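A quick write-up on the structure given underneath.
The values are calculated or read from the model by the stated rules, or taken from the named source; none is laboratory data. Computed from a prediction, not measured in an experiment: that's the story for all the values here. With ideal geometry, Cβ positions are generated from the backbone for all residues, glycine too; neighbour counts draw on all protein chains shown.
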Amino acid sequence: MNRRAFIKIGTLVFAVGVGCRSEKSREHSSSYAITIDSNRSIGHLARNSFLHSVSEEIKTDVLVVGAGIAGMAAACSLQHREVIVCDLNPRLGGTSGAVTIGNQQFSQGAYYDMSYPGYYGSDGLKLLESLKVITYNKTLDRWDFIEKQHLISLTAEERCYRNGGLDASVLMDSELKQNFLDLLRPYSGKMVLPSSEIGLDSIRLDHLTFSEYLNKYLPVNSDFMEAIDYQMMDDYGGKSDQVSALAGIHYYRCRPYYQKPEPEILSPTEGNYYFINKMVNQLSLEQIKLDSLVVGMEKLKQGWGVDVWEVANDRKVRYKCNNVIYAGQKHLLKYLHPESYKTFSDVKYAPWIVINIELQGESIDNDFWQNDYLSTNAQFLGFVNSRAQTKEGNRVLTAYYCYPDIYHHMVQDLENGAREIVEQTIGFINTYFKKDLEPFIKHVYVKLLGHAMPVPVPRYLSKKRQLEQNGLSFAGADTGRLPLMFDALDSGIQAAKRI
Ligand SMILES: Cc1cc2nc3c(=O)[nH]c(=O)nc-3n(C[C@H](O)[C@H](O)[C@H](O)COP(=O)(O)OP(=O)(O)OC[C@H]3O[C@@H](n4cnc5c(N)ncnc54)[C@H](O)[C@@H]3O)c2cc1C
């Protein structure tokens with residue numbers, strides 16, 4: 001795919017940047033500044049680290065690589081052991097990260113979860129219960145959130161911009177929608193989370209795409225498929241002709257999106273960083289090493305040697321440990337531990353861009369939380385706006401773009417050319433609100449996530465993977481799980497159990 005085609009999709013301009021993981025602020029010709037958060041040169045650092053010798057050896061029992069939901073869940077599950085967690089970023093959270101504006105954290109990735117039906121896996125529920133996040137609701141046989149102040153009101157949940165107007169939802173009520181939900185109803189109870197517990201009788205659904213499945217059983221039309229594609233892209237990073245029928249059916253039959261009574265939706269200001277905050281409280285500060293990029297892993301006669309590049313100190317240290325839990329993105333295994341890479345070489349990652357727009361002095365009268373946006377620019381998925389996203393009277397809107405997996409390098413290359421996409425985003429939001437918000441923009445924060453989300457393409461969920469070998473255990477949504485908080489959480493717990 002050439003750049004011209006990419007620019008056509010996103011109307012973007014590129015400039016190639018250099019340097020390590022970077023966070024840059026620059027003044028825009030208008031009055032607002034743009035801060036860009038990217039780690040485009042991580043692969044380069046990992047490849048060149050062999051040029052440096054080890055400055056210090058550190059012993060620990062378990063080293064966890066990656067402080068996203070999976071790595072943090074693994075560390076929380078191993079509190080009886082000596083654990084250290086390393087992350088290449090200066091902040092925890094991975095794709096469930098947050099940006100600090102003033103003294104408030106705002107979601108910069110995953111931003112919500114829903115109350116958990118009783119059929120969800122007990123290990124994940126137990127961890128969330130021990131973190132005092134959920135409590136069992138006997139009447140509804142589901143796990144509800146404890147901190148009700150973070151719930152989104154049902155009447156302010158969603159609006160969908162389409163054809164110049166606003167609809168109540170992406171998938172509008174119709175006979176076709178009813179037939180569609182009826183078609184999927186027999187799968188209730190079979191589509192469970194964690195996805196690793198889906199029964200073998202449903203696995204054949206992983207061998208065809210969701211669009212092949214729908215075209216076989218329903219007289220679908222283009223409007224309906226546009227809505228389904230939007231929802232698949234929004235949660236899975238791929239359209240219905242890319243994701244498997246198993247993933248598609250799971251979306252509508254596992255999580256209680258279309259069930260009564262409506263589920264609780266938890267979306268704190270910091271988004272799913274909320275879960276990271278809860279988990280970090282279980283650990284001590286000394287256990288967490290940020291700005292620490294794992295650059296190599298080696299099996300020793302006894303245990304493992306893991307080389308870590310300390311970005312802030314410009315030095316390489318070696319951790320000697322009995323076990324490693326690798327919860328980082330698996331494409332980096334090419335450099336870190338090539339023997340393990342083949343287990344994950346099929347994983348396709350959707351790149352995402354998250355843009356936080358801090359407004360000042362403008363009150364937005366429309367208070368809908370999730371604002372979907374269906375237009376000819378299929379990559380722009382709308383923005384989140386809610387009372388929860390307010391800091392001292394100032395609103396922060398959070399916009400999302402998702403790209404096909406072939407664009408990850410191009411998304412990272414936006415490091416020096418983000419202005420165009422920021423302006424484009426403001427244009428979309430102005431169209432939505434039918435007013436010009438630009439004079440009220442104080443600061444814009446752009447996060448580039450080159451390998452953000454594993455896309456559940458056919459055979460991704462059902463592929464047999466070796467998730468533990470010689471004390472090295474793998475965790476993460478990209479271990480053949482769905483790109484969801486609960487699946488990532490469970491993958492960390494199971495990785496900890498395997499060692
Ligand atoms: C934009 C976006 C929005 C989303 N919204 C939702 C949502 O609302 N609800 C929901 O349920 N799910 C959502 N998801 C999915 C959810 O965020 C993920 O499934 C989950 O957070 C993945 O966690 P993880 O720990 O598996 O991986 P990651 O979050 O990718 O964490 C991996 C961590 O490993 C670190 N790392 C990688 N390599 C190395 C290395 N070599 N050395 C050191 N550290 C390393 C990374 O820096 C990162 O912190 C969203 C995803 C995206 C991208």
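The C-beta contact set for segment 294-307 (first residue in the same structural domain as GLN469 (by TED's automatic domain parsing), second residue surrounded by fewer than 16 Cβ atoms within 10 Å (Cβ to Cβ) and of a type in the set (A, V, I, L, M), distance under 7 angstrom, 6+ apart or interchain) comprises ASP307/VAL54. Which of the numbered conditions does PHE106 fail, given that it passes all the others? Conditions: (1) at pLDDT 95 or above; (2) aromatic (Phe, Trp, Tyr); (3) under 20 Å from the mean Cα position of the chain (by Cα). Here PHE106 meets the rest and fails (1).
For segment 301-314, the condition of being crowded, with 18+ Cβ neighbours inside 10 Å and at positive phi holds for at least one residue.
If the condition is being under 15 Å from PRO261 (Cα atoms), in contact (Cβ under 8 Å) with a residue 60 or more places away in the chain and either of a type in the set (Phe, Trp, Tyr) or surrounded by 21 or more Cβ atoms within 10 Å (Cβ to Cβ) (or both), then segment 124-144 contributes only ARG142. Of the listed requirements (1) more than 16 Å from the ligand (Cβ to nearest atom); (2) crowded, with 20+ Cβ neighbours inside 10 Å, ILE355 misses just one: (1).
Scanning segment 205-249 for residues that are of a type outside the set (S, T, N, Q) and closer than 17 Å to SER169 by Cβ yields ASP223, PHE224, MET225, GLU226, ALA227, ILE228, ASP229, TYR230, MET232, MET233, ASP234, ASP235. Checked against (1) part of a loop (DSSP other than H, G, I, E, B); (2) in contact with a Ser or Thr (Cβ under 8 Å, 6 or more places away or on another chain); (3) over 30 Å from LEU461 (Cβ atoms), ASN377 passes all but condition (3).
The set of residues in segment 248-295 being on the phi < 0 side of the Ramachandran plot and small (Gly, Ala, Ser) consists of GLY248, SER267, SER284, SER292.
Taken residue by residue, segment 77-86 has no member that is outside any strand (DSSP E or B) and either within 22 Å of LEU336 (Cα to Cα) or at pLDDT below 70 (or both). Only residues that are out of contact with any helix residue (DSSP H, G or I) (no Cβ under 9 Å at 6 or more places or on another chain) and more than 19 Å from LEU461 (Cα to Cα) were counted in segment 224-257, giving 3.
For segment 222-240, a tally of residues being within 13 Å of the ligand (Cβ to nearest atom) and of a type in the set (Gly, Ala, Ser) returns 2. Each residue in segment 87-123 was checked for being among the acidic types (Asp, Glu) and either without any contact (Cβ under 8 Å) to a residue 60 or more places away in the chain or in a loop (DSSP other than H, G, I, E, B) (or both), and 1 of them qualify.
Given the criteria without any contact (Cβ under 8 Å) to a residue 60 or more places away in the chain, closer than 24 Å to ILE36 by Cβ and more than 14 Å from the ligand (Cβ to nearest atom), does PHE440 qualify? Spelling it out, it is not the case that PHE440 is without any contact (Cβ under 8 Å) to a residue 60 or more places away in the chain, closer than 24 Å to ILE36 by Cβ and more than 14 Å from the ligand (Cβ to nearest atom).
What residue, among those in segment 313-342 that are of a type outside the set (D, E, K, R) and part of a helix (DSSP H, G or I), is farthest from the chain's Cα centre (by Cα)?
If we take residues in segment 313-342 being of a type outside the set (D, E, K, R) and part of a helix (DSSP H, G or I), then PRO338 is farthest from the chain's Cα centre (by Cα).
If you filter segment 283-339 down to residues that are β-branched (Val, Ile, Thr) and over 18 Å from GLN469 (Cα atoms), you find that the one that is modelled with the lowest pLDDT is VAL311. Checked against (1) more than 10 Å from the ligand (Cβ to nearest atom); (2) hydroxyl-bearing (Ser, Thr, Tyr); (3) at pLDDT below 90, SER375 passes all but condition (3).
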